[in-house]
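Enquirer: To start, I am sharing the structure in question, which I have written as structure tokens.
The values are calculated or read from the model by the stated rules, or taken from the named source; none is laboratory data. Not measured: the values here are computed from a predicted model. Because the Cβ atoms are built from the backbone with ideal geometry, glycine has one as well, and the counts that use them run over all protein chains shown.
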Amino acid sequence: MSEPGGEPRLDQQLLEPVRLSIVALLAGTEWAEFGFVRDSVQLTDSALSKRIASLSDTGHVEVRKGYVGKRPRTWVKLSDEGRAALSAHIAKLQEIATQAGQPTRPT
């Protein structure tokens, strides 16, 4: 996600710390099982389900459902769009942090 002119910008979905944590966790995996994500970000099933639905609606993640034996399972993957959004979001945060560390010039 970039501003006109190619500058990175903050992604509205990733401004919420828990969604950012989910996407960052998924960046290091191919497919992650729902229970692993839930335990890693320390959410209830319901809270994680809502956030995954939101990220899925905006194309940040892909969701796959299936079975292991007779038990239903859900897996989540960071989409290509989500990976690009995360990279741009991090770049913009780094830019903000760099600017914050620079002294301001009087006008």
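Enquirer: What are the pairs with Cβ atoms under 9 angstrom where one residue, in the range 61-86, is in contact (Cβ under 8 Å) with a residue 12 or more places away in the chain and under 14 Å from SER21 (Cα atoms) and the other, located anywhere, is buried (at least 16 other Cβ atoms within 10 Å of the Cβ) and among the aromatic types (Phe, Trp, Tyr)? Sequence gap at least six, or different chains.
Expert: Cβ pairs passing all conditions: VAL76/PHE34.
Enquirer: When you scan the range 1-99 for helices (runs of 4 or more DSSP H) that lie fully inside it, which ones turn up with 1 or more residues that are surrounded by fewer than 16 Cβ atoms within 10 Å (Cβ to Cβ) and either among the charged types (D, E, K, R) or modelled with pLDDT under 95 (or both)?
Expert: So the answer is 34-41, 45-57.
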